[in-house]
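Here the structure is laid out as structure tokens; the discussion comes afterwards.
Every number in this text was worked out from the coordinates using simple rules, so none of it is lab data. All figures in this text were calculated on a predicted structure; none of them were measured in a lab. As a convention, Cβ positions derive from the backbone with ideal geometry for all residues, glycine included, and neighbour counts pool all protein chains shown.
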Amino acid sequence: MRLHFLVCFVLLAFCGCKSVNLFTIEDDKTFGANVAAQIESDTSGYIVLDSIKYTQVYQYIYSIRDELLNSGQVKYKQEFPWRIRVIQNDSMINAFCTPGGYIYVFTGILKFLDSGDQLAGVLGHEMGHADMRHSTRQMTQMFGVQLLLEVVAGKQEAIKEVSAVLIGLKFSRNHETEADNCSVQYLCPTLYNAAGGAGFFEKIQALGGIKPPEFLSTHPDPGNRIQAFNKKKEELSCKGNQTYKDEYQALLKLLP
Ligand SMILES: [Zn+2]
């Protein structure tokens, strides 16, 4: 691994290719597991909904995840754990995914959304970031390689530093567009409205001048994301049109 890494590093220095990912799939998984352990051990900062007490909540969200995973479009379906945890914080209208597929959804975004297709769209977007391996690429540019390697190696200080940033990590517009496209692709073979992710931005638009929630500041708006979602859905001839609003409203009643 180290030799492979060194060769890549030399190549990177030589050609200056910013998009080269220096991390292996195993690195992504270890990275994600270490960050997830850090987040979940910080019980004063993050209250994770108990998976036994809130079984129905998790069953619902996992059933959406499974539809996305079974789309045949998720590259690392088998390799990544795609584990989901809900964090109780109504003021955070946000969701994020670590490298290696540890997904976090705040109750704030669950309560902000109206329907199952919107949640599926948001989950698809986050899973897309992990599947396209955006985070490690983005963070290599931010932190340099050494610190990230320390995260993979399990060094606590590095894990703490990187975890704090990962939650609010800003992606480039290209990566946002890619993740939006992934969301439509994953949903396309299902009965869900494949442009469900657009519903989130429609709700933001409807809010007018209100300060954009966290999700938007960490996922910069390139301007036409609603149109882009719908265009991609049309391009791929996705037939599903279900919004699953009633089921979603039932889910909201189960939340603390
Ligand atoms: Zn994003």
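One table, with the values for the structure above:
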quantity: ³J(HN,Hα), Karplus 6.51/-1.76/1.60, whole Hz, each residue of the stretch 92-107, x for Gly, Pro; calculated: 9, 8, 7, 8, 8, 9, 6, x, x, x, 9, 9, 10, 10, 7, 4
quantity: Candidate lysines for bridging to Lys239, where Cα separation is under 16 Å - those fewer than 8 sequence places away on the same chain excluded; calculated: Lys231
quantity: Top of Leu119, Leu166, Leu236 by mean-square fluctuation, Gaussian network on the chain, Cα under 10 Å; calculated: Leu236
quantity: The chain - mean residue ellipticity at 222 nm from DSSP helices (-39,500 (n - 2.57) per run, n ≥ 4, rounded to 500); calculated: -18000 deg cm²/dmol
quantity: Cross-link partners of Lys75 among lysines (Cα-Cα below 18 Å; sequence separation of 8 or more within a chain); calculated: Lys29
quantity: Kirkwood Rh (inverse of mean 1/r, distinct Cα pairs), the stretch 21-254, angstrom; calculated: 17.8
quantity: Karplus (6.51, -1.76, 1.60) ³J(HN,Hα), θ = phi - 60°, over the stretch 59-66, in Hz, Gly and Pro reported as x; calculated: 4, 4, 5, 5, 5, 5, 4, 4
quantity: Under the Karplus curve 6.51 cos²θ - 1.76 cosθ + 1.60, θ = phi - 60°, whole-Hz ³J(HN,Hα) for the stretch 133-140, x wherever Gly or Pro sits; calculated: 6, 6, 4, 5, 5, 5, 6, 4
quantity: Gaussian network model of the chain, springs between alpha carbon atoms under 10 Å - residue of Met142, Met92, Met127 with greatest fluctuation; calculated: Met142
quantity: Within the stretch 26-146, percent of DSSP bridges classed antiparallel, to nearest 5; calculated: 45
quantity: Residue exposure sequence - Asp131, Asp114 - by fewest surrounding Cβ within 10 Å; calculated: Asp114, Asp131
quantity: Rounded to 5, percent antiparallel among DSSP beta bridges of the chain; calculated: 40
quantity: Pair Asn230, Asp66: separation of 7 Å Cα→Cβ label points (nm); calculated: 3.3
